[in-house]
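Just below is one structure, and these are the notes that go with it.
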Amino acid sequence: MARSFTCVVAEDETLLREALLTLLSEVWPELRVVAACDDGGAALEAIATFQPDVALLDIRMPGLNGLEVAAGAFEASPATQVVFITAYDQYAIAAFDKGAVDYLLKPVARPRLQACRERIEARAAKGTMSGTAPDAALAALLQQLTGALPSVAKAPPLVWLTASSGKDTKLIMVDDIAYFQSDTKYTAVMTADGESLLRKPIRELLDSLDPAVFKQIHRSTIVNMKAVASVSRDEMGRGLLRLKTRPETLTVSQPFMALFRNM
C-alpha cells in the first residue's frame with residue numbers, strides 16, 4: 001500500500017491553484033492536501049501548524065514570497081520538502097542544485113509533476129525526509145535569491161488611505177500607522193489616536209505597502225517597523241514587539257520569527 005503524504009499548497013492565483021489541486025488529485029491521489037493558501041504568510045503558518053511532508057510554493061506571492069516561506073519553513077518544519085512553483089526557472093534550479101528542493105515550471109505539466117512525486121517518494125524511502133535539517137548553504141542561497149528576484153512593475157507604496165471611524169471617514173497617513181490587524185470582515189488600522197476600520201483584506205494591503213517598512217508578523221497582523229520600540233522573545237520562542245505610540249504588545253507568531261533573526 002502506498003504511503004500517504006501530507007502537503008501544503010501555496011499559489012496566489014485562484015485558477016492556477018485550483019488547476020494544480022486538480023492535477024495533484026489525479027497524479028498523486030494518496031496525497032492529502034492539508035492547506036491550500038493564497039499568500040505567503042498563510043502558507044508559513046500552515047507549514048508550522050501541520051508539519052507537512054511536502055510544501056508546494058509559488059515563488060511570487062503577496063507578502064512573503066516562496067523563497068522567504070521556504071527559509072521560515074526550515075526552522076518551523078525542518079523535515080518538510082519544498083517544491084517551488086515558478087516561471088523564474090533559473091532561481092529554482094539554483095536552489096534545486098543544492099540538493100534539498102525540487103521545482104515545477106508554470107504551467108505545471110503532468111509528466112513533470114509525476115517526476116516530482118517520484119523524487120519525493122524516493123527520498124522518503126531512503127529516510128531523507130525524516131528530521132533532516134536544511135543545508136546551511138541552501139539557506140544562504142535562498143536568502144541571496146530572495147534579493148535577486150526580478151522586479152515586477154507595481155504602483156508606488158501607499159502614502160495615505162481612508163478608513164472609517166464611527167460615522168466619520170478619516171484620511172490617515174501611512175507613516176502614522178502603527179499596525180494593521182485583520183478581522184473577519186474588516187482590517188483595523190491602529191494609530192496613536194485610536195482604531196479605524198478598512199474594508200480591505202490584509203492580503204491586498206501587503207502588495208500596497210512598502211515591504212522595507214511594513215512587515216507581516218502573523219497571518220493577520222502587519223506592523224510598521226518604524227513604530228516598534230523593542231523586540232524580545234518569550235519562553236515559547238515567539239517575538240514580542242513593544243510599540244512607540246500604542247500601549248499594547250504585539251506577538252510575532254513563531255514561524256515568522258525566522259524572518260527577524262537579524263534583529
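The values are calculated or read from the model by the stated rules, or taken from the named source; none is laboratory data. What you see is a predicted model, and the numbers here were worked out from it, not measured in a lab. Counting neighbours? That spans all protein chains shown, and the Cβs are built from the backbone with ideal geometry, glycine included. With ligands, DNA and RNA removed, areas are computed over all heavy atoms of the protein, side chains included. Shrake-Rupley method; radii C 1.70, N 1.55, O 1.52, S 1.80 Å.
Only residues that are outside any strand (DSSP E or B), at pLDDT below 85 and of a type outside the set (A, V, I, L, M): list them for the stretch 220-254, please. Hits for the stretch 220-254 are D234, E235, G237, R238, Q254. Considering only residues in the stretch 149-171 that are loosely packed, with under 14 Cβ neighbours inside 10 Å, closer than 17 Å to A212 by Cβ and not basic (K, R), the one that is modelled with the highest pLDDT turns out to be V159.
Do any strands (runs of 3 or more DSSP E) entirely within the stretch 24-113 hold 1 or more residues that are open to solvent by less than 10 Å² (accessible area, probe 1.4 Å), more than 23 Å from F256 (Cβ to Cβ) and touching a strand residue (DSSP E or B) at 6+ places or on another chain (Cβ under 6 Å), and if so, which? It would help to see each step written out before you state the result.
Numbers: elements: 32-37, 54-58, 81-86, 101-105.
Of the strands (runs of 3 or more DSSP E) lying wholly inside the stretch 24-113, those with at least 1 residues that are open to solvent by less than 10 Å² (accessible area, probe 1.4 Å), more than 23 Å from F256 (Cβ to Cβ) and touching a strand residue (DSSP E or B) at 6+ places or on another chain (Cβ under 6 Å) span 101-105.
Can you pull out the residues in the stretch 53-63 that are small (G, A, S) and touching a residue at least 60 places away in the same chain (Cβ under 8 Å)? Write out each step before concluding.
Restricting attention to the stretch 53-63, the residues satisfying the condition of being small (G, A, S) are 55, 63.
Result: G63, single match.
Using the structure shown, decide if I202 is modelled with pLDDT of 95 or more, in contact with a helix residue (DSSP H, G or I) (Cβ under 9 Å, 6 or more places away or on another chain) and open to solvent by less than 70 Å² (accessible area, probe 1.4 Å). For I202, the condition - modelled with pLDDT of 95 or more, in contact with a helix residue (DSSP H, G or I) (Cβ under 9 Å, 6 or more places away or on another chain) and open to solvent by less than 70 Å² (accessible area, probe 1.4 Å) - is not met.
For the condition under 17 Å from V252 (Cα atoms) and open to solvent by less than 50 Å² (accessible area, probe 1.4 Å), what is the one hit in V174, V223? So the residue among V174, V223 that is under 17 Å from V252 (Cα atoms) and open to solvent by less than 50 Å² (accessible area, probe 1.4 Å) is V223.
Looking only at residues that are farther than 21 Å from E68 by Cβ and without any contact (Cβ under 8 Å) to a residue 24 or more places away in the chain in the stretch 9-23, which one is most open to solvent (accessible area, probe 1.4 Å)? I'd like the intermediate steps shown before the answer.
Pass one, the stretch 9-23, residues farther than 21 Å from E68 by Cβ: 14-15, 18-19, 21-23.
Checking the rest, the ones that are also without any contact (Cβ under 8 Å) to a residue 24 or more places away in the chain come to 15, 18, 21-22.
Details: L15: 139, E18: 100, L21: 54, T22: 72 Å².
Among those that are farther than 21 Å from E68 by Cβ and without any contact (Cβ under 8 Å) to a residue 24 or more places away in the chain, it is L15.
Quick check, is M190 within 26 Å of T249 (Cβ to Cβ), open to solvent by 70 Å² or more (accessible area, probe 1.4 Å) and either among the hydrophobic types (A, V, I, L, M, F, W, C) or in contact with a Leu (Cβ under 9 Å, 6 or more places away or on another chain) (or both)? When the stated conditions are applied, M190 does not pass them. Of the candidates F74, F84, F50, F96, the single residue that is of a type in the set (F, W, Y) and in contact (Cβ under 8 Å) with a residue 60 or more places away in the chain is F74. Against the numbered list (1) out of contact with any Asp or Glu (no Cβ under 7 Å at 6 or more places or on another chain); (2) within 20 Å of A42 (Cα to Cα), A229 comes up short only at (2).
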